[in-house]
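Novice: My structure is below; once you've seen it, I'll send some questions.
The values are calculated or read from the model by the stated rules, or taken from the named source; none is laboratory data. Values in this document were obtained by computation on a predicted structure and should not be read as measured data. Please note: Cβ atoms are built from the backbone with ideal geometry, for glycine as well, and neighbour counts cover all protein chains shown.
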Amino acid sequence: MQKNSLEKIVVSVGLGRARTSPQFEDKILPEISKDLELITGQKPALRRAKKSIAGFKVREGDIVGLTVTLRGGRMKDFLAKLAGAVLPRIRDFRGLDLKNIDSSGNLTIGLKEHVIFPEINQDVSHVAFGLEVTLVSSSKSREENEEFYRSLGIPFKK
């Protein structure tokens, strides 16, 4: 009898190879952080490596990503912008695949370019990066959430 609702939206950016650039801390990280703040309307939190992994050339404590958790009004505004303005701007977009909903009912959308957001000026932005948007629902059923996401206006493939 519980009503299905959206708990939060998590927007995350992995820094990957950008970390190895010579001026990462001075130029690249602030630029990515500024663009992510423009996109979400909230300052991103730094994510650091929990342990060292030699194969990835990562040391414990290195910055490996940025994340923003949206709730309440900002979450609703971001969702409206995502469904109405951002997803249709993706090149050759025909809808999201239903496989993007995991067994817990969370919808994860990977975006290859951040410049598809209307706040980003492509001429001013010097660093290109992708981001991942995860919609977390209160219901843990995959089938229920499929219909719930459709009711929110998320376009899926037919």
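Novice: Would you check if there is a residue in region 105-123 being over 16 Å from the mean Cα position of the chain (by Cα) and more than 30 Å from F24 (Cα to Cα)?
Specialist: The answer is yes, given that some residue of region 105-123 is over 16 Å from the mean Cα position of the chain (by Cα) and more than 30 Å from F24 (Cα to Cα).
Novice: For region 80-120, how many residues are surrounded by 12 or more Cβ atoms within 10 Å (Cβ to Cβ), at pLDDT below 85 and of a type in the set (S, T, N, Q)?
Specialist: So the count comes out to 1.
Novice: Just a yes or no: is a residue in region 23-38 touching a helix residue (DSSP H, G or I) at 6+ places or on another chain (Cβ under 6 Å) and among the aromatic types (F, W, Y)?
Specialist: no
Novice: If I28 passes every condition in (1) surrounded by 17 or more Cβ atoms within 10 Å (Cβ to Cβ); (2) closer than 23 Å to E147 by Cα; (3) more than 17 Å from the chain's Cα centre (by Cα) but one, which one does it miss?
Specialist: (2)
Novice: Going residue by residue through region 133-155, is there one that turns out to be surrounded by 12 or more Cβ atoms within 10 Å (Cβ to Cβ), among the polar types (S, T, N, Q) and within 15 Å of the chain's Cα centre (by Cα)?
Specialist: yes
Novice: For A54, work out the one condition from (1) buried (at least 16 other Cβ atoms within 10 Å of the Cβ); (2) modelled with pLDDT of 85 or more; (3) among the aliphatic types (A, V, I, L, M) it doesn't fulfil.
Specialist: The one condition A54 does not meet is (1).
Novice: To continue, here is another question. Hey, which of the strands (runs of 3 or more DSSP E) in region 1-113, taking only ones fully inside, have at least 2 residues that are touching a residue at least 24 places away in the same chain (Cβ under 8 Å) and of a type in the set (S, T, N, Q)?
Specialist: 63-70
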